[in-house]
Every structure is written in C-alpha cells, then in structure tokens.
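Mind having a look at this structure? Questions to follow.
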Amino acid sequence: MATNSDRVADLVKRKYRHGFVTDIEQDTVPPGLSEDVIRMISNKKGEPEFLTEWRLKAYRHWLTMEEPTWAHVRYTPIDYQAISYYSSPKTTGTAPKSLEEVDPKLLETYDKLGIPLHERARLAGVAVDAVFDSVSVATTFKDKLAAAGVIFCSFSDAVKNHPELVQRYLGTVVPYRDNFFATLNSAVFTDGSFVYIPKGVRCPMELSTYFRINAAKTGQFERTLIIADEGSHVSYLEGCTAPMRDENQLHAAVVELVALDNAQIKYSTVQNWYPGDEQGRGGIYNFVTKRGDCRGANSKISWTQVETGSAITWKYPSCVLRGDNSVGEFYSVAVTNNYQQADTGTKMIHIGRNTRSTIISKGISAGHGQNSYRGLVKVLPTAHGARNYTQCDSLLLGDECGAHTFPYIESRNRSARVEHEATTSKISEDQLFYCRQRGLSEEDAVNLIVNGFCREVFKELPMEFAVEAQNLLNVSLEGAVG
Amino acid sequence: MLTIENLHARVGDREILKGLSLHVPAGEVHAIMGPNGSGKSTLAQVLAGREDYEVTAGRVLYQGQDLLALPPEERARAGVFLAFQYPIEIPGVNNAYLLKTALNAQRQAHGLQPMDAFEFMKLIKTKMELVHAPKDFLSRNVNQGFSGGEKKRNEILQMLLLEPKLAVLDETDSGLDVDAMRIISHGVNSLRSADRSMLVVTHYERLLELIVPDRVHVLAGGRIVKSGDRELARELDQRGYDWLQTGAKA
C-alpha cells in the first residue's frame, strides 16, 4: 500500500479557498478588555443605556467565571487581553444607508466568496446580511422584506430602530450569565443579525447572514436574535469564512431563537472558518452558544449544521421545548481532518407536554482529527408524553483519527420515551473497491460514500445550499483516504 | 481478449493461485468451474484489481496491455467488469446516482461528454426491462434492503449499462431460484457479441444450460486442471470434482 499512501500524501495538500485577506483600512481598537473598552464599543454604536448596562453586568460576571475544560478538545490557553474586541472597515464606521455607500472593496470581497451583494447579481430568493469583522456592511432585499412586515437587519440597526424588541427578547434564551463564552459575548458583542417575523407571516424568502473575519488579532463576537411571532415561518442560513493565518483567532458567537405559538424556525449553518494547515497551525477557535426557545404551543425549531471548518468547534445548538406539543430537531454533520477538533452536539430540554425531539448526528474524522458528539436529552416532570429519538453515527477515515460519543439522558417523567442509537464505522474497503470496480476514482468513491453517510442531514438543508454543503465536504476531505 | 500466463497469487502467507494459465479469445464465453476453495473467486478478484491479493508471479494481458499494472478504476474504465458474488451495500447513496456516476466516469475516460439525467433515464429504463427490475430500483439505496436475487439483478443491470469488453461473473447464480436465473441469463446473453468476452465462474452446471459457454475449464488447487467444451460441465455435474483433483495432485 506504499504507493497508496504516497498518493494520499500528495492529495492532502488541499487548499482552503477562502483564505485571502481584503486590504482595507480598518478602525481597530487596541487589544485588551476592560469596562472602558466595553463602554467605548457601546458608545461607538450609539447604544441606549440599558444595553451598556447589560454589557457591563455581563463583563463583571465574566470576571468571576472560569473557562470550561470539560470539552474533549485541547488548545493553548487564550490570552483574552491580547485580542482586539472591535474592528470595522474605516469607510463604514456606521452601517451604510444603501449599497452605493458600501466600499467597493467589501463588495468585491463578498463577490469573491460567491455571495454577491449587488442588485443585479444577488442570490435569487435569498436575502443576505453581510457581517465583516465587527460590523454588518450590507443587508439585501430590505425593502421587499419590509413589505411583508419582516424585519431583517443588522443587530446595530435593530438596537437603533427597534429597541423595544431587542430589550424584550435579548438574553431571554441565553442569559448573560449562561456560560463563559456566552457571557464574554454579552459583554463585547459588536454586531450580527436581527430577524422579526410578525404574526401569521411566512417569510417570503430565505434569510442568510454571511460572516467574514478579516482583520488579524481580532475576535469576532456576533449576536443573532430571531423572533418568530405566532403562526409565522422563517428559514435562515448562516455561512462563515476567514483568511488563512498562522495564529488562532477566537470566534465566540451567541444565537438566540424565539418561536411563539405555532411558529416555525429553521436555522441552517454551513460553517467553513479557516481550519488551520496540515500541521495544525492557525485556524479559528469557534466557541459558540446557540439556543432556541420553543416558547409557544405547537412551535418548532430545527437546527441543521454542516461543520467543516475551524481548528476547534465547541457548539451545542439546543432547543428548550417549553410550549406543549413543541418540536425540536438537530441535524448535524461535523468533519474533522488534519488536526481539527470538534466537540459538538445538542441539548433538548423537554418541559411542555407531548414535546418531541429528533437528533441526527454524523461525525466524520480523518487525518488526526478528533470528533466528539456531546448531547443532553432532559425530560422534566412536567413533560408528559415527551419523545426523543437520537441517532449518532461516526465514520472514521484512517487510523490516526478519533470519534467519541458522550450522550447524557435525564428523564424525570415516566411517560417519556427516549431512544438512542449509535454506530461507529470505518469506511469499508469493500465499499471503496466496489465503487472503484465501477470506474470511480478513489477520491470520488470516498466522496460518494461519505455523502451517502450524510444524506439524512443534507436533505434538511435548503436546496440552494445542499449542493454547496456537499462540495464543501468533498473539499474538506480531499486526500483523506487512508 | 484475455491471456493469463502462469499466475500466482496469495493472501497473506497463503498461496491460492499456483500457476494458472488461460486464454479467452474475443467473442467467447468461458466457464470456470471447480470445488469450494479452488481459487475461483480469487481469480475474479485479482482480475478486478483487489489489493488484498498479492500477485507473486505471472502476467495478465487484456487487449494486449498489462492488466495488473492498472488500478481497479482504470481496469473498469478500460472495459473490465466484475459482477460481485456478494454485492456491497452503500447506505444513503441512490442506486441511480451510482449507475450514472459509473457510466460518466467511463465516458469521461473515453473522451465523451457526461450523459445528462434525461438521456440517462431513457437509457437505464431500456436496460431495466431486460432484467425485469422494478421501478423503485433506481430510487433505493445501493443494494440496501435488496433481496439476494435483487442484488444479483442489480449487478447485471450495471453490466448492461456499462457494456464491458470483458465481463467476469462471480457465482452470479448462487442463491437464485430458477426464474431469477432465467431472467439474469437472458440479460447476460443479450450482451454476447463478437467483440465481448465473458468469464462465468460457477459451481453448478445448471447456469451453463442457460448461458451456454464456448469452453469450460476446471480450476482445482489454484490451476486449470482440465478444459473442454460444454459437455465437460455435464460430466462434472454427474461425476463431481474428486476424480480431477486426484489428477491435479499427482
């Protein structure tokens, strides 16, 4: 098999396609964190008093907290005083009023990433909010959405134009005391997306936020808040990329979803932060808190994630199933190649009667990658008739990677039914040979088999992105045959 | 079409093929018969390029080129097809998708444009009729939940689609009832032509009543110990293999 591993070695030298840096003048605050820095961020954004105070409360609480160590990931300690907490392109100190005011270099950046913001070239049927480092630089289709009563804007705009909604819902799903990274985010978050879907409205198009880290030695701390009022529907997608750098960069985001009676939110993520190089140098530390609150009866929140990037992924998109008959879903594909580490999964908290949850997790490890599923299914005494089905499958490519499963089940209601199935398999030589005997190259055979393995998750993605996710997976695993 | 000279192959320390020689001219169908463990499946796997088998001596010429020098996918694209004894399941992969990918990999190797979905559906439907494949054959996952007979029919369907120059059928009759065997034989016979050769590996004579071979070879102890016409198959059916194996050892 010597020739085989030589070929693999050649193929491993894959290229991260989004690793370029945009040369643009940026307004970046000096590294370090203090109450003054937080006041300055809040001041730069012209925030109301309540928000400044909320940030400071979070910061003071954060100072009393310790960084969690329970995740199955290893990294050199992060120096929080060495990070710059605010960076924005200079020309757009505040969000521009229209696309004409947006710096052409920024438009060009998003063009290169395949996310055209220009009127002519826009993605059909998808409204995009583009977040560049700490600020939102453009939001498309605002008018069309406004006609339907949908609010889709940057978080900063929401604070200015809809402070009552922000004040009412911010921190109600992920409180500022929630966890180390969420608390840090609450103190220093700079921008993100805000969505409000009014009663009975089915959002006329997919909403999407594209996050881009550009500046060096900065962290990205965005916050997304989506509120689906009674009987409304929305499908939302986020994508993320970053330049290739030798040092690690921190990304600590918070996403809060609120679904009121009969409302449905579908939240999809295609995460492709820079994963680091073949030796494990550089890459994004992705420490993210995502939680949805099925606050109303018969509401539904569905998370779909395809995690191919980041040096470290630490995220557990969760559902609090408060409303009776509410439904939570989590579909995940997580890929770790080279020296990537992922500790990801979900929490399903059953509170209401007849609440249902489904967890489908597909972990793929290659190279020296370490992939952990960590999930909690918790049924409270009030959750009569609660049901959960969990399926965790791990696929190993090669002998130097690892797959781990940490399922936690706490059921305090006897009428609840909780099912858990887990499998771990290696990609089979028989399958590879079968495909190659039909004329497929080894690479194509691996892609075919891995895509088949992920199919249950991919079919949950909006059409436009399912193909992208599949291609991304193929790129992530290039040369991973072992 | 195919010339095998003094082929030796082993798995680990165990030598299975011990100097096998065979010549299959273009347009002919040859049957390989023999008792369990004689090396029939090993021969099929070695021809297809399975890496678990190490060829220690001998050579294999396919259309004049050194077959053993090619990786499995290049052999396949050059027209070598193996109908597996135990077809493999690929969860989550649509059967139609595998068929189309395989066809287009072959077309690409021959400098042809990939076939689009519309053309492909037209083509595959004509092939499906030949093996009486139900409609849902295409939408199901590759061999997943297929009965033994369906799996074999799926192998023959792939063969009809890819139209190989050299088809190796590894115990395609095992586990089939008479009706299924008739359907599959009909599919196989429809591919017989002057520029195509087949190597039919089987235990039993009954398949050879339906796919009538030009030559019959008996493989025992890793070598061809006897060759003849179809009458040899009938003789084996009556007398078994013991009388030949004794000869092989001597």
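Taking 0.36 nm per intervening residue step and subtracting the Cα-Cα distance, what contour gain separates A:T382 from A:D143 on full extension? Could you put the intermediate results ahead of the total?
On the way: separation 239, 0.36 × 239 = 86.04 nm, distance 4.36 nm.
Gain in length upon complete extension: 81.7 nm.
Let's test this: bin the Cα-Cα distances of region A:166-301 at 5 Å from zero up to the farthest pair and state each bin's percent.
Each 5 Å bin holds this share of Cα pairs: 2, 10, 19, 20, 18, 13, 9, 5, 3, 1, 0.
Still on this model: Would you mind checking the pairs A:K160/A:K300; A:K315/A:K426; A:K347/B:K151; A:K290/B:K100 and listing those with alpha carbons more than 31 angstrom apart?
Checking Cα-Cα distances, A:K347/B:K151; A:K290/B:K100 exceed 31 Å.
Another question, then. If you take the beta carbon distance between A:L63 and B:H132 as r and set R0 to 51 Å, what does 1/(1 + (r/R0)^6) give as a FRET efficiency, to the nearest 0.05?
Working from the Cβ atoms, E equals 0.10.
In a shell of Cβ-Cβ distance under 13 Å around B:K152, excluding B:K152 itself, what net charge do Lys and Arg (+1) and Asp and Glu (-1) give?
Summing Lys/Arg as +1 and Asp/Glu as -1 gives -4.
Rounded if a/c is under 1.5, else prolate if a/b is larger than b/c, else oblate: which is region B:110-209, with a ≥ b ≥ c the root eigenvalues of its Cα gyration tensor?
Oblate is the answer for region B:110-209, as a/c is 1.5 or above yet b/c matches or exceeds a/b.
Right, here's the next one. In whole Hz, what ³J(HN,Hα) sequence does region A:336-353 give by Karplus (6.51, -1.76, 1.60; θ = phi - 60°), x for Gly and Pro?
10, 10, 6, 10, 5, 10, 10, 10, 9, x, 7, 10, 10, 9, 8, 10, x, 6
With springs only between Cα atoms under 10 Å, which of B:R107, B:R77, B:R239 fluctuates most in a Gaussian network model of chain B?
In this elastic network of chain B, the residue with the biggest mean-square fluctuation among B:R107, B:R77, B:R239 is B:R239.
What nm distance separates the two modelled labels at B:D237 and B:A109, each placed 7 Å from Cα along Cα→Cβ?
3.6 nm
Continuing with the same structure: Over the Cα atoms, compute the radius of gyration (one decimal) and Dmax (the largest Cα-Cα distance, rounded to a whole number) for region B:42-175, in Å.
Just the Cα atoms of region B:42-175 yield Rg and Dmax of 15.3, 47 Å.
May I ask for the net charge around B:R206, where only other residues with Cβ less than 12 Å from the Cβ of B:R206 are counted and Lys, Arg are +1 while Asp, Glu are -1? Let's see the in-between values first.
Working: positive: B:R182, B:R234; negative: B:D173, B:D177, B:E205, B:E209, B:D237.
Within the 12 Å Cβ shell, the charges total -3.
If each residue of separation counts as 0.36 nm, what is the full-extension length gain between A:E429 and A:H72 once their alpha-carbon separation is subtracted?
My answer for the length gained is 125.6 nm.
So how do B:R215, A:R438, B:R234 line up by other beta-carbon neighbours within 10 Å, fewest first?
B:R234, B:R215, A:R438
Ranked by Cβ crowding within 10 angstrom, fewest neighbours first, how are A:S357, B:S185, A:S34 ordered?
Details: A:S357 27, B:S185 21, A:S34 11.
The most exposed by this proxy come first: A:S34, B:S185, A:S357.
Okay, moving on. Using a Gaussian network model of chain B with C-alpha springs under 10 Å, which one of B:A57, B:A96, B:A26 is most mobile by mean-square fluctuation?
B:A57
Separate question: Could you line up B:M159, B:M121, B:M198 from fewest to most neighbouring Cβ atoms inside 10 Å?
B:M121, B:M159, B:M198
Angle between the Cα long axis of helix B:117-130 and the longest principal axis of chain B, 0 to 90 degrees, nearest 10?
Its long axis makes an angle of about 50 degrees.
Bear in mind that the values in this text are calculations on the coordinates, not laboratory data. Model, not experiment: these values are computed from the prediction. Neighbour counts run over all protein chains shown; Cβ positions are idealised from the backbone, glycine included.
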